[in-house]
Amino acid sequence: MKYLKGTIDVGLWYPSEVSLNLIDYSDSDFAGCKIDRKSTSGTCHLFGFSLISWHSKKQACVALSTTEAEYIVARSCCAQSLWIKQ
């Protein structure tokens, strides 16, 4: 609560002329880890032109193709996007 009281004047600023759409990007690095061959995935979410969320981590399972690695990160990106919209 102390932090919230001290940051009452801090917030996100959205200009009125900017379209406020949620834009999501995702990417993965297929088998980027040389030890266990797991891919690294990342997502970012923009509201208008403002970055509101990003995520990067090693995938929990080993993908057998670049398509599968991209599918795994796309699924994660969609789940995060739906959570943000709620």
Lys pairs, the chain - Cα-Cα below 27 angstrom, 8 or more residues apart or on other chains:
7
Can you give the accessible area of PHE30, probe radius 1.4 Å, in Å² rounded to 10?
80
Of every hundred units of 1.4 Å-probe accessible area on the chain, the number belonging to carbon and sulfur atoms, as a percent, is 61
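For the chain, take N as its residue count and report Rg(C-alpha) divided by 2.2 N^0.38 Å.
Details: Rg = 16.8 Å, N = 86, 2.2 N^0.38 = 12.0 Å.
Ratio of Rg to 2.2 N^0.38 Å for the chain: 1.41.
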In nm, spacing of pseudo-spin labels at GLU68 and PHE49 (7 Å Cα→C-beta vector)
4.1
Round to the nearest 0.05 the FRET efficiency obtained for LEU82 and LYS34 when R0 = 25 Å and r is the Cβ-Cβ distance.
0.15
Could you state how much accessible area ILE8 has, in square angstrom rounded to the nearest 10, with a 1.4 Å probe and all protein chains kept in place?
140
For n ≥ 4 DSSP H runs only, could you compute -39500 (n - 2.57) per run for the chain, divide by its residues and tell me the 222 nm figure to the nearest 500?
-9000 deg cm²/dmol
So which trypsin sites (Lys or Arg not before Pro) in the chain pass both tests, a DSSP loop state and at most 13 other Cβ atoms within 10 Å of the Cβ?
LYS34, ARG37
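The values are calculated or read from the model by the stated rules, or taken from the named source; none is laboratory data. Model, not experiment: these values are computed from the prediction. Counting neighbours? That spans all protein chains shown, and the Cβs are built from the backbone with ideal geometry, glycine included. Heads up: the accessible areas ignore ligands, DNA and RNA and are worked out on the full protein's heavy atoms, side chains in. Shrake-Rupley method; radii C 1.70, N 1.55, O 1.52, S 1.80 Å.
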